[in-house]
Amino acid sequence: MDKPEKPISALNERDGIAQPESISPQAIAHVTQLRKKQPSAEELVKGILNGNKTALSRAITLVESTNPLHLEKATAVINSCLPYANKSVRIGITGVPGVGKSTFIEAFGKHLTGLGKKVAVLAVDPSSSLSHGSILGDKTRMEELVKDADAYIRPSASGDTLGGVARKTREAIILCEACGFDTIIIETVGVGQSETAVHSMVDFFLLLKISGAGDELQGIKRGIMEMADLIVINKADGDNIKRAKLAKTEFNRALHLFPPKASGWQPKVTTCSSITHDGIAETWQTISEYFDLAKANDFFAFRRSEQNSYWLTETINEQLKANFYSREDIATLLKQNKKAVQNNELSPFAAASILLGRYFGLNG
């Protein structure tokens, strides 16, 4: 008589069907091969002028690189794209963390692409001062806009740049314009640092606020308020609508205390909801009114000329700094002098004088 089979325990696993590979080895090999092949400057420029987003991304990666070997190639790409740039409007958007910048930009960007515009978003993510890493999660937060064929989102790490503007954002603007994007949006970190950098590279500066943040009546960050061309009270929906309207009134009163702008524009305050999209169309209408005024009185062209002059000196300063710290003899002398300064054997000013003297060849 056959012995009865022993019942199978629920704790035992049955042999299943092996799952197929989720990614084809052939596809991996193909992508790896493509990554190894570095396109020439001419190929990148051709792709950019044809509206190829992949070529645009590779070119921005190139100009962001700190590798000295990439500088010549990046410069060639920028110079070739420059004649096709300056045909867009540049909008800077800032606000404290939690104000809803990414959600606002997605709703605003979708509105603009709905009007037939091509929108590029240069989003700057904060870098850790400890690990120097960045999450770069703006593409995840703007999941609808990132799928829009007429939109392009490029997150970059802020690094140690004051104001939260990536070191090569200015060059990225030129590349995006050459790629055919007519509206460039620059999102800053918004952590309370100087916003001068972003203000110096845009035509319009938008400050996002939320009601109930406690700063309506305390001077309201005079520096950034004076730079703002438009203040938008975000999250004006649900139970927050009344508070948003009250904040709008308070900010309007504050704006009248500031001196008039050289553009002849009187800054405005509006409310909006990035969730319901109420006020998004009105925001663009206000920005359009500003551009009509600035172009009519030639302030727009004057502002662009001032930006070019500012970024000439900024680029010189940046390249001098990079060259200074990259020299091996300076690095060795810096290490020695830093130790002397820490031990109070040498003042910081004397140490700096010695280092600069070596750099410029004044003291051998």
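Out of segment 19-74, which residues are of a type in the set (Asp, Glu) and either modelled with pLDDT of 75 or more or assigned by TED's automatic domain parsing to the domain that holds GLU177 (or both)? Lay out the reasoning, then the answer.
Within segment 19-74, the subset of a type in the set (Asp, Glu) is 21, 42-43, 64, 72.
Hits for segment 19-74 are GLU42, GLU43, GLU64, GLU72.
Return yes when THR276 is surrounded by 12 or more Cβ atoms within 10 Å (Cβ to Cβ), within 29 Å of THR103 (Cβ to Cβ) and either in contact with a Ser or Thr (Cβ under 7 Å, 6 or more places away or on another chain) or basic (Lys, Arg) (or both) and no when it is not. Outline the logic, then answer.
Working: surrounded by 12 or more Cβ atoms within 10 Å (Cβ to Cβ): yes; within 29 Å of THR103 (Cβ to Cβ): yes; either in contact with a Ser or Thr (Cβ under 7 Å, 6 or more places away or on another chain) or basic (Lys, Arg) (or both): no.
Judged against the criteria, THR276 is not a match.
I'd like the full set of residues that are among the hydroxyl-bearing types (Ser, Thr, Tyr), loosely packed, with under 14 Cβ neighbours inside 10 Å and within 15 Å of VAL89 (Cα to Cα), limited to segment 290-313. Quick ask: steps written out before the conclusion?
Of segment 290-313, the ones among the hydroxyl-bearing types (Ser, Thr, Tyr) are 290, 305, 309-310, 313.
From what's left, loosely packed, with under 14 Cβ neighbours inside 10 Å: 305, 309, 313.
SER305, the sole residue that qualifies.
Would you check which residues across segment 233-284 are outside any helix (DSSP H, G or I), within 19 Å of GLY92 (Cα to Cα) and β-branched (Val, Ile, Thr) and list them?
Those that are outside any helix (DSSP H, G or I), within 19 Å of GLY92 (Cα to Cα) and β-branched (Val, Ile, Thr): ILE233, VAL269, THR270, THR271.
For segment 43-54, which positions are free of Cβ contacts under 8 Å to residues at least 24 places away in the same chain and either within 18 Å of GLU72 (Cβ to Cβ) or surrounded by 21 or more Cβ atoms within 10 Å (Cβ to Cβ) (or both)? Give the derivation first.
Here is the first cut: in segment 43-54, the ones free of Cβ contacts under 8 Å to residues at least 24 places away in the same chain are 43, 46-47, 50, 54.
Residue satisfying the conditions is GLU43 alone.
So which of ILE354, ILE287, ILE316 is surrounded by 13 or more Cβ atoms within 10 Å (Cβ to Cβ), modelled with pLDDT under 95 and part of a helix (DSSP H, G or I)?
On inspection, the qualifying residue turns out to be ILE354.
With the structure loaded, tell me whether LEU11 is assigned to a loop (DSSP other than H, G, I, E, B), at pLDDT below 90, farther than 24 Å from GLU318 by Cα and of a type in the set (A, V, I, L, M, F, W, C) or whether it fails that test.
Working: assigned to a loop (DSSP other than H, G, I, E, B): yes; at pLDDT below 90: yes; farther than 24 Å from GLU318 by Cα: yes; of a type in the set (A, V, I, L, M, F, W, C): yes.
Spelling it out, LEU11 is indeed assigned to a loop (DSSP other than H, G, I, E, B), at pLDDT below 90, farther than 24 Å from GLU318 by Cα and of a type in the set (A, V, I, L, M, F, W, C).
May I ask you to verify whether THR113 is of a type in the set (S, T, N, Q), closer than 30 Å to THR271 by Cα and modelled with pLDDT of 90 or more?
Details: of a type in the set (S, T, N, Q): yes; closer than 30 Å to THR271 by Cα: yes; modelled with pLDDT of 90 or more: yes.
Against the criterion (of a type in the set (S, T, N, Q), closer than 30 Å to THR271 by Cα and modelled with pLDDT of 90 or more), THR113 qualifies.
So which helices (runs of 4 or more DSSP H) are wholly in segment 162-230 and hold at least 2 residues that are at pLDDT 90 or above and within 24 Å of SER309 (Cβ to Cβ)? Walk me through how you get there before you give the answer.
On the way: elements: 169-178, 196-199, 222-227.
Once the helices (runs of 4 or more DSSP H) in segment 162-230 are filtered for at least 2 residues that are at pLDDT 90 or above and within 24 Å of SER309 (Cβ to Cβ), what remains is 169-178.
Mind listing just one residue for me: the one in segment 117-145 that is modelled with pLDDT under 90 and not in a loop (DSSP other than H, G, I, E, B) and, of those, surrounded by the fewest Cβ atoms within 10 Å (Cβ to Cβ)? It would help to see each step written out before you state the result.
Going residue by residue through segment 117-145, those that are modelled with pLDDT under 90 are 123-144.
Narrowing further to those that are not in a loop (DSSP other than H, G, I, E, B): 123-125, 138-141.
Values: ALA123: 24, VAL124: 28, ASP125: 18, ASP138: 23, LYS139: 15, THR140: 11, ARG141: 17.
Selected residue: THR140.
The values are calculated or read from the model by the stated rules, or taken from the named source; none is laboratory data. Bear in mind that the values here come from a model prediction, so they are computed numbers and not experimental data. Glycine gets a Cβ as well: all are built from the backbone with ideal geometry, and neighbour counts include every protein chain shown.
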